[in-house]
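A.B. asks: This is the structure I have questions about; it appears just below.
The values are calculated or read from the model by the stated rules, or taken from the named source; none is laboratory data. Values in this document were obtained by computation on a predicted structure and should not be read as measured data. Cβ sites come from the backbone with ideal geometry, for glycine too, and all protein chains shown count toward neighbours.
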Amino acid sequence: MGYGPLPILLRRLALVPILVFVVAAATYALTHVAPGDPVKIIGGARQVDPEKAELIREEFGLHGGYFERFGRYLWGLVSRGDLGPSYYYRSPQRSVQELLGERIWVSAQINLMALALIYGLGIPIGVYVAVNRGTWKDPAVIGFLKIFDSIPSPIMVVLIVYLMVEVLGGVFRLLGFNVPVVWTPGDPASYIVPLVALTIGVFGGMGRFVRVSMIATMDDDYVRTARAKGLTERVVLYRHVLRNGLLPLSTNIGLAFVGVIVGSIVIETRYAVPGVGAFIFQSINQRDWNVILGFTLLVATLIIIANALVDMLYVFIDPRIRFTERVA
């Protein structure tokens, strides 16, 4: 029995709470055994008075064993959407969701624009090199893209700042704006460096992935049949080859999303962007485990939902695909 896009989406979304629970339990267990006593972090001292330590445990819900603490955390998450207090800020009123909410909009803007650029540049480049396979353009473009793939993100930020400020600074000033050396609130030009740094190291890999998918599809029988029917090469390329080549590409959305988030942690820290990435890097150094746990749950939920949407996208790209129910 076939299923349309909506039932597929609903079935995948029904798995979200289960998968999030598994991620939460595993991550909470790691933070439970991780080095660094939360009581000492909150107390701000190597040795905390026993009475004060007991008050901290009671106030921050740190008393009891793993299952008791995880049960309280899970109940707060389900009943109130509460990700718990921050250990570093030493106040139960400074919740993790509040701290993440203050920074998430900047990171979301940069990451979404970076993803749009990665796909907007990667797909045309992949199509171009696939069409020109066997010519000098194919290895030249692929080799050029691999250069950017091989540069680590921290070095990439430094190179881009030097290029934008020192080399092309005069050109940008003629256009009416300056690219700042570090993030400047309220300056749209501040988006240029993190966007270029996030995009340039990823869209090359996307272009190579599209190239492989296109070449694998261009030799299929239905493509030769389309050409034999007299269809123009443009119609064959975009209506048949590219559409079917997008199937494996759509599975790469989740990986691209994770890659952008991981890259943004380094780039935001290096460029002083007041986003979630820099905040998470700071939280890791401060061993603020509740912040790390909340961020992990947020990213895991987004990835799970993205994969569910990819399953639905499969049906739109190729209507022949149906998920069948196993009959006992």
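A.B. asks: Would you point out which residue out of Arg270, Arg322 is of a type in the set (Lys, Arg) and at pLDDT below 70?
C.D. replies: Arg322
A.B. asks: Separate question: Kindly indicate whether Ala45 is in the same structural domain as Ser86 (by TED's automatic domain parsing), modelled with pLDDT of 75 or more and either loosely packed, with under 13 Cβ neighbours inside 10 Å or in a loop (DSSP other than H, G, I, E, B) (or both).
C.D. replies: No; evaluated as a whole, the condition is false for this residue.
A.B. asks: Please determine whether any residue of region 153-168 is in the same structural domain as Leu117 (by TED's automatic domain parsing), among the polar types (S, T, N, Q) and modelled with pLDDT under 80.
C.D. replies: Yes, that holds for at least one residue.
A.B. asks: Tell me which residues, restricted to region 288-308, are more than 15 Å from the chain's Cα centre (by Cα) and at pLDDT below 80.
C.D. replies: The answer is Ala308, and nothing else.
Listed here are the residues, each with its yes/no results for (1) in contact with a strand residue (DSSP E or B) (Cβ under 6 Å, 6 or more places away or on another chain); (2) surrounded by fewer than 20 Cβ atoms within 10 Å (Cβ to Cβ); (3) at pLDDT 85 or above; (4) closer than 13 Å to Leu198 by Cβ.
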position	(1), (2), (3), (4)
Ser91	no, yes, no, no
Arg94	yes, yes, no, no
Glu102	no, yes, no, no
Met113	no, yes, yes, yes
Leu117	no, yes, yes, yes
Tyr128	no, yes, yes, no
Val131	no, yes, no, no
Lys146	no, yes, no, no
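A.B. asks: Moving on. Pull up region 133-142, narrow it to residues that are more than 17 Å from Val202 (Cβ to Cβ) and not basic (Lys, Arg), then point me to the one that is surrounded by the most Cβ atoms within 10 Å (Cβ to Cβ).
C.D. replies: Looking at residues that are more than 17 Å from Val202 (Cβ to Cβ) and not basic (Lys, Arg), I get Asp138.
A.B. asks: So which of Leu100, Leu117, Leu145 is under 27 Å from Ile303 (Cβ atoms) and touching a Ser or Thr at 6+ places or on another chain (Cβ under 8 Å)?
C.D. replies: Going through Leu100, Leu117, Leu145 in turn, just one is under 27 Å from Ile303 (Cβ atoms) and touching a Ser or Thr at 6+ places or on another chain (Cβ under 8 Å): Leu117.
A.B. asks: Also, quick follow-up: From the residues in region 99-139 that are in a helix (DSSP H, G or I) and hydroxyl-bearing (Ser, Thr, Tyr), which one is farthest from Val273 (Cα to Cα)?
C.D. replies: Tyr128
A.B. asks: In region 184-202, how many residues are surrounded by 15 or more Cβ atoms within 10 Å (Cβ to Cβ) and either in contact with a Pro (Cβ under 6 Å, 6 or more places away or on another chain) or not hydrophobic (A, V, I, L, M, F, W, C) (or both)?
C.D. replies: The number of residues fulfilling the criteria is 5.
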